[in-house]
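Encoded as structure tokens, the structure appears first; notes follow it.
Just so it is clear, none of the values below were taken in a lab; they were calculated from the coordinates. This structure is a prediction, so every number in the text was calculated from the model and none was measured. Here Cβ is always computed from backbone atoms with ideal geometry, including for glycine, and neighbour counts include all displayed protein chains.
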């Protein structure tokens, strides 16, 4: 699923964000990336998403060498990833429904299927009754749940979440963590960057700690979820393919 070797990322001005990261993540794992602000958690997620390019090392995501892939290959990988951004990145002035549906529209899904899957995703995060509300009128926690619904609506093979419980009350944070854990149980591989020890204790999973751009602790890789062991096993067959199709 994910394989990084000697991964290095450097920002303008020579600031080293990642320094020699080696990491393997198997299909079906739930992995929490922990560490202080500036440890490299967000940078690692950006590299996995294909939103940034490493300065050195190798990185394979979903079978694609991201350091050598053509732009169209990177886009194919990104269509198989659901991303929950720390700042949500919702479209203001648009409804919760529209913000979730757009993830399906760009994948070529339309008509009755688009409506059904969008409403199912909003119902899963407890927002079915607020589907028509503009996102800026929703609470912080509700906006976070819209962002989670958008990330999960395409049934991605890989889910990346950057501080998904930041600034949320304990009840809402717990609900968000449960949604990510449920995505794992449905066959996705999930990586979560977080400072939230409560979230980690609630969901369990593997813990990878970063410090100064390096991995300083790793609880190890537990056995992957049975549903995701093989492409044809369990619910893994429902994950979207390389071209975004189911």
Rank the residues 1, 83 as a footprinting-exposure proxy: fewest other Cβ atoms within 10 Å of their Cβ go first. 1, 83
Counted neighbours (other Cβ, 10 Å), sorted fewest up, put 67, 34 in the order 67, 34
For the chain, percent of DSSP beta bridges that are antiparallel (nearest 5) comes out at 55 percent
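Can you give me the Rg/Rh ratio for region 2-233, using Cα atoms for both radii and the Kirkwood formula for Rh? Could you put the intermediate results ahead of the total?
Values: Rg = 17.2 Å, Rh = 18.0 Å.
With Rh from the inverse mean 1/r over Cα pairs, Rg/Rh is 0.96.
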Linear extension gain, residue 140 paired with residue 202, 0.36 nm per residue minus alpha-carbon span: 20.2 nm
Spin-label point model (7 Å from Cα, Cβ direction): what's the residue 128 to residue 86 distance in nm? 3.5 nm
Here the residues of region 42-58 lying in the modelled label zone of residue 218, meaning backbone nitrogen under 14 Å from a point 7 Å along Cα-to-Cβ, are 58
With springs only between Cα atoms under 10 Å apart, run a GNM on the chain and tell me which of 42, 194, 60 wobbles the most. 60
Sort out for me the Cα centre separation of region 51-119 from region 166-187, rounded to whole Å. 20 Å
In nanometres, the difference between 0.36 nm per residue of separation and the alpha-carbon distance of residue 120 and residue 51 is 22.0 nm
When the C-alpha atoms of region 1-73 are aligned to their principal axes, what extent does each axis show, in angstrom, from largest down? 31, 28, 18
Can you sort 65, 218 by how many other beta carbons sit within 10 Å, fewest first? 65, 218
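State the extension gain, in nm to one decimal, for the chain segment bounded by residue 22 and residue 106, taking 0.36 nm per residue of separation less the distance between their alpha-carbons.
26.9 nm
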